[in-house]
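Encoded as structure tokens, the structure appears first; notes follow it.
The values are calculated or read from the model by the stated rules, or taken from the named source; none is laboratory data. Just so we're clear, the structure is a prediction, and the values are computed from it rather than from any experiment. Note that we place each Cβ from the backbone using ideal geometry, even for glycine, and neighbour counts take in every protein chain shown.
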Amino acid sequence: MEGCASGACDPRRADRRQAILDAAESLFLEQGFDAVSLSAIVKRSGGSLATVYELFENKLGLLRAVVERGSEEGFEGLDAAAFGDGPAADALRLIAHRIHAFYTTPRAIAMKRIVIAESLRNPDFARDFHRVVHLAHVRELADIFRRWAADGKAAIDDPEAAAELYLSTVMCDAPVRAMCGEAGGDPADAERRLDWRLAPFIAYFAIR
């Protein structure tokens, strides 16, 4: 989460931050990361270059914030899904369907192409992406698994490892297939394939 130092506690500044992120994401997707200047982002979003530098430091910091915001959107509502009235196994399938659907959208795939290209050029960016995005999701899922185990809904002795395995099972080759234009088809069929892949995971960890 962004702290007050970034303007998150000032509603007007928070709105300005979101406007900058919206403009940056749309321009990155339209023109590619390299082709977009900070001046173009400011022109579309309003505000000033000084505000962009203050909030994000540079264009790479802006890309990092765009990716982090999108990632949070993809994992939104996990606790509500995980701790509803139904069985944990059903919640696990529902979460998988949501994650898979979000990360195979054209928007998410286009951003992933940008992230991959920048990660190959900039190892520090790649490490930040892994830490801020991937590991954050692992910790969030691990906390859910830990609470399920404490409540007797699952037999998970290593929540972090289980979270890594779960994400690998859910995503598998989905982003690559989507980038190659092979992610179409019936969404219900995709969900059935996901459920089939999750069956051993659910059985092994006795998720109920």
Condition first: at pLDDT 95 or above, among the small types (Gly, Ala, Ser) and within 25 Å of Asp85 (Cα to Cα). Now tell me which residues in region 157-208 satisfy that.
Ala162, Ala163, Ala199, Ala203, Ala206
What tally of residues in region 71-98 results from selecting those that are crowded, with 17+ Cβ neighbours inside 10 Å and either in the same structural domain as Leu21 (by TED's automatic domain parsing) or out of contact with any helix residue (DSSP H, G or I) (no Cβ under 9 Å at 6 or more places or on another chain) (or both)?
0
Would you be able to tell me the number of residues in region 31-55 that are part of a helix (DSSP H, G or I) and under 23 Å from Val133 (Cα atoms)?
4
Can you find, within region 157-176, the residue that is surrounded by the fewest Cβ atoms within 10 Å (Cβ to Cβ) among those that are touching a helix residue (DSSP H, G or I) at 6+ places or on another chain (Cβ under 8 Å) and not in a helix (DSSP H, G or I)?
Asp157
Any chance region 99-107 includes a residue that's without any contact (Cβ under 8 Å) to a residue 40 or more places away in the chain and closer than 21 Å to Asp79 by Cβ?
yes
From Ser37, Ser71, Ser48, Ser6, which residue is at pLDDT 95 or above and not charged (D, E, K, R)?
Ser37
Go through (1) under 25 Å from Gly32 (Cα atoms); (2) in contact with a His (Cβ under 9 Å, 6 or more places away or on another chain) one by one and return the number of the condition Ala163 breaks.
(1)
Yes or no: Leu55 touching a Leu at 6+ places or on another chain (Cβ under 9 Å) and within 30 Å of Glu191 (Cα to Cα)?
no
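Condition check ((1) closer than 20 Å to Phe75 by Cα; (2) exposed (fewer than 14 other Cβ atoms within 10 Å of the Cβ); (3) out of contact with any helix residue (DSSP H, G or I) (no Cβ under 9 Å at 6 or more places or on another chain)) across all residues:
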| position | (1), (2), (3) |
| --- | --- |
| Leu141 | yes, no, no |
| Ile144 | yes, no, no |
| Trp148 | yes, no, no |
| Pro200 | no, yes, no |
| Phe205 | no, no, no |
Note on region 11-26: residues in contact (Cβ under 8 Å) with a residue 12 or more places away in the chain, small (Gly, Ala, Ser) and more than 15 Å from Met111 (Cα to Cα) are Ala19
Mind checking whether some residue in region 27-50 is surrounded by 13 or more Cβ atoms within 10 Å (Cβ to Cβ), of a type in the set (Val, Ile, Thr) and over 27 Å from Pro106 (Cβ atoms)?
no
Selected residue (criterion: nearest to Val115 (Cα to Cα)) from residues of region 55-72 that are without any contact (Cβ under 8 Å) to a residue 12 or more places away in the chain and among the charged types (D, E, K, R)
Glu72
Given the conditions (1) buried (at least 16 other Cβ atoms within 10 Å of the Cβ); (2) in a helix (DSSP H, G or I); (3) not aromatic (Phe, Trp, Tyr), every one holds for Ala154 apart from (2)
